[in-house]
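The values are calculated or read from the model by the stated rules, or taken from the named source; none is laboratory data. Note that this is a predicted model, so its numbers are computed, not measured. When we count neighbours, we look across all protein chains shown, and the Cβ atoms used for this are built from the backbone with ideal geometry, even at glycine. SASA here: full protein model, heavy atoms, side chains in, ligands and nucleic acids out. Shrake-Rupley method; radii C 1.70, N 1.55, O 1.52, S 1.80 Å.
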Amino acid sequence: MPTKKQNKLSITEIRRAIKNLPQTTFGISVPELRKLARGIARTDYKYFVENNPNDTFELQLLHAFVIGYAKDDIRTLLRYFKAFVPFADSWGLTDSLCQNFKIARKHPQEVWNFIMRYKNSKKEFESRIVAVMLLSHYLTDEYIDRVLDVLNNLNTDDYYSQMGVAWALATVVGKYPQKGMDFLRSKTCQLDASTRQKTVQKIQESFRVSTHIKEEFTK
């Protein structure tokens, strides 16, 4: 029977595996990184996340995927999520981290409490993390009103935080069209002009939003 030590993938082995993955114009293909992440998550994933130097984009993206695929108690996974937040400094990393953290759907309140720690952040990608976590896991009847309230007050001083809020609101309009439209037309909506413009743009681009609703936003 293999020992715990034998189940570990060393950082050297992981680097070698990454180096040997097929290359694309933008680097290693995401499907190949996902495949490697699933393998790490099935072994001793803690060894990887605690020793990964995160000194290349590929290792950072792999790290984000591993956190999402790992099976563990929610407190442990949230601790690793929190430790990775400072490295999530691009839309690709924030979105991969958030969208793959599907365990949030099994522990909605505990994860909600965790991400609310970042709702007042003035950091561009921390604000985006909140927005993407909300659109990915909290567009439900139970949370939708709270989601809108948080999105209405998130920092949108920077481009990627603006786009995160815009994307989230466009997704709200797709799933809850009347509620989303009522919010955007209400006097309580605090979106700045740039974020509102980006929201309308995202609504127009969305396949989830009906033609009728899109026409409403062109009037």
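What the table below lists for this structure:
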{"item": "The stretch 35-162: equivalent-ellipsoid semi-axes (sqrt of 5 x gyration tensor eigenvalues, Cα, Å)", "result": "24, 17, 11"}
{"item": "Anisotropy class of the stretch 116-207 from Cα gyration tensor, a/c 1.5 cut", "result": "rounded"}
{"item": "Protection-proxy order for peptides 106-118, 193-205, each taking the mean of Cβ atoms within 10 Å per residue, highest first", "result": "193-205, 106-118"}
{"item": "Carbon and sulfur %, accessible surface of the chain computed with the full protein complex present, 1.4 Å", "result": "50"}
{"item": "Of Lys102/Lys123; Lys71/Lys106; Lys82/Lys102; Lys71/Lys102; Lys119/Lys179; Lys82/Lys123, those spanning more than 18 Å from alpha-carbon to alpha-carbon", "result": "Lys102/Lys123; Lys119/Lys179"}
{"item": "Calculated diffusion of the chain, Stokes-Einstein form, Kirkwood radius summed over Cα pairs, 20 °C and 1.002 mPa s, µm²/s", "result": "115"}
{"item": "Computed over the stretch 101-155, Kirkwood Rh from alpha-carbon pairs, angstrom", "result": "11.1"}
{"item": "Ranked packing of 96-102, 177-183, 73-79, most packed first, by mean Cβ within 10 Å", "result": "96-102, 177-183, 73-79"}
